[in-house]
Structures are given as C-alpha cells and as structure tokens.
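Read through the structure below, which is laid out as structure tokens, and then see the notes.
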Amino acid sequence: GLSGVDIVVSDSHSGLVKALQTEFQGCTWQRCQTHFMRNLLDATPKALQEEVYQQVRAVLDAPDLKTARLLKDAFVEAYAEKAPKAVQVLENGFDDVTAVLVLPERYRRRLRTTNGAERLNEEIRRRERVIRIFPNQESAIRLLGALLMEIDEEWTTGRKYLNMDEYEAWKKAQQTWRESAQACAATA
C-alpha cells in the first residue's frame, strides 16, 4: 500500500536494489554514500586511503552533477594506475551515489546516507537491551510504537528532519518545467 515514493536510500545489496526497481518503478535510488566510501576505501591501497578519501569526498560534495562528473573524471585520470580497483568502484557506482544531486541542496545532506535510519535502529536496540526479554509480542510493539511516536512528535513539532512543504513546492515546479519543455518539443 506504500505509494508516492520519490527517493529510496540504501546500500547496494543486490536483492534490495532489485526489489526497489521492481516495486518502486520511477523512484530515484540513492546509494548510501557512507557504505559506498567503505567499499571504495576497501579497494584502495592503504597508503593512498586518506588522499583518495579527500578526493572522492569532493566528488560527493559537489554542488551539482556536472561538477561532480568533472571531479570524478579528474580522479579517474589521476588514480587509474595508482588505485585501479578504487577507480573501478567509483566509475561503477558514480550514478547511484550522486543521484541526490538532482534534489534541492537542503535535502541532500539528510538523504545521501542511511544514517537517519541507522540512528533510529540503534535507538531501538538501546531501549531493547534495557528490557532484554519481552513477555509477549504486544509489549515489543508497544515499546516500538511509543519510541516512534516520540520521534515523530519531535520531528513535527520541534526541529523538522525534512520540511516536506518546500520539497512539494520544488517537485511541483520541476513537473511544471518538464511539461512546458515537452510542450515546446512537441511544437518544434
């Protein structure tokens, strides 16, 4: 019953990616940049890891896709012989890990990694460790429900995790722009 999904952020687990492509056709998939960097650094010689990290971080922090592509091309040229496996990882994952660059800048930081979901999971685990053994399934559901309601209240009344009003306005502007571009192309 889930609908209206615009973007999904996850690691690159092949089964998960295949399920996303099947069930959420048309949505954008953003590969978690944190997981990507781990994969890239695993493929990098130890002596170059700090240097490679800085260079690839600049690619991922680029203000737009064009700049990111230019920085990626420079990285590929500079490290093709020194770190060929790292170059291959970057080239294979570039489009997936920079998908967030099409969004407005204020949303990129929150949506480039799975950190928000992982923090939530850690909070659940922290509370579960205190209780250790639940007497029944309903008690576990009550604990999780209470925790999720607390977080939802904090996000909606306190500091908002994401302001969806601004996102919806941006999305509507994008749709209007696409429709006018298609109309111009049809008359040309």
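The values are calculated or read from the model by the stated rules, or taken from the named source; none is laboratory data. If you're wondering where the values come from, they're calculated on a predicted model, not measured in any experiment. Neighbour counts run over all protein chains shown; Cβ positions are idealised from the backbone, glycine included. For accessibility, only protein heavy atoms count, side chains too; no ligands or nucleic acids. Shrake-Rupley method; radii C 1.70, N 1.55, O 1.52, S 1.80 Å.
Estimated from helical segments only, the mean residue ellipticity of the chain at 222 nm is -22500 deg cm²/dmol, where each DSSP H run of four or more residues counts as -39500 (n - 2.57).
Only sites in a loop by DSSP and with at most 11 other Cβ atoms within 10 Å count here; which chymotrypsin sites (Phe, Trp or Tyr not before Pro) in region 96-162 make the cut? Present the calculation step by step, with values, prior to reporting the outcome.
Numbers: sites: TYR107, TRP155, TYR161; in loops: TYR161.
Sparse-neighbourhood loop chymotrypsin sites (Phe, Trp or Tyr not before Pro): none present.
Remark: region 112-127, residue by residue, has Karplus-estimated 3J(HN,Hα) of 8, 9, 8, 4, x, 5, 5, 5, 4, 4, 5, 5, 4, 4, 4, 6 Hz, where x stands for each Gly or Pro and the curve is 6.51 cos²θ - 1.76 cosθ + 1.60 at θ = phi - 60°. Our note on the geometry: Cα centres of region 112-141 and region 1-73, 26 Å apart. Seen through its C-alpha gyration tensor, with square-root eigenvalues sorted a ≥ b ≥ c, the chain comes out oblate because a/c lies at 1.5 or above while a/b is not bigger than b/c. Note on ALA117 and LEU20: the extension gain reaches 33.2 nm, defined as 0.36 nm multiplied by sequence separation minus the Cα-Cα distance. Note that region 16-32 has calculated 3J(HN,Hα) couplings of 5, 5, 5, 4, 4, 5, 6, 8, 10, 4, x, 8, 8, 9, 9, 6, 4 Hz, one per residue in order, obtained from phi through the Karplus relation 6.51 cos²θ - 1.76 cosθ + 1.60 (θ = phi - 60°); glycine and proline are x.
For GLN30, the residues whose modelled amide H falls within less than 5 Å of its own, excluding neighbours fewer than 5 places apart on the same chain, are VAL8, VAL9, SER10.
Summarise the accessible area of the chain (1.4 Å probe, protein heavy atoms) by the percent that is carbon and sulfur. The partial results should precede the final answer.
Working: 6750 of 12730 Å².
Percent of accessible area from carbon and sulfur atoms in the chain: 53.
Could you calculate the contour length gain from GLU81 to ALA188, that is, 0.36 nm times the residue separation minus the distance between their Cα atoms, to one decimal place in nm? Each step should come with its number before you reach the end.
Values: separation 107, 0.36 × 107 = 38.52 nm, distance 4.73 nm.
Extra length available between GLU81 and ALA188 comes to 33.8 nm.
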